[in-house]
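What follows is a single structure, written as structure tokens, with notes after it.
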Amino acid sequence: MDTQNLFNLAAGAAIGIGGWFARQLWDSVQMLRKDVHAIEIDLPKSYVMKDDLDKRMAHIEEMFQRIYDKLDGKADK
């Protein structure tokens with residue numbers, strides 16, 4: 001075999017390995033995109049939005065304040 005054939009064989013093998021590696025990366029990225037999309041869809045079902053939580057906490061704090069006010073009124077008597 002002459003030098004050109006060896007070079008062509010080595011370059012072809014390197015390109016083939018690089019192509020296989022690139023394909024594996026591409027498939028992995030596509031699977032990650034699907035997983036992230038599934039999480040984006042399921043996330044609102046599993047967790048409360050911050051605005052809703054703030055509204056609930058404000059309501060609870062208001063109720064506690066009324067309870068504390070009543071207890072202070074009872075303690076004064």
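Within region 8-38, the only residue that satisfies the criterion of being within 16 Å of the chain's Cα centre (by Cα) and among the acidic types (Asp, Glu) is ASP35. Of the set (1) surrounded by 10 or more Cβ atoms within 10 Å (Cβ to Cβ); (2) part of a helix (DSSP H, G or I), all apply to PRO44 but (1).
Do the conditions hold for GLN24, that is, is it assigned to a helix (DSSP H, G or I), polar (S, T, N, Q) and surrounded by 10 or more Cβ atoms within 10 Å (Cβ to Cβ)? So GLN24 fits the description; yes.
Quick note: the coordinates plus some simple rules give every number you see, no bench work behind them. Since the model is a prediction, treat every value here as computed from it, not as a measurement. Positions of Cβ are backbone-derived with ideal geometry, glycine not excepted, and every protein chain shown enters the neighbour counts.
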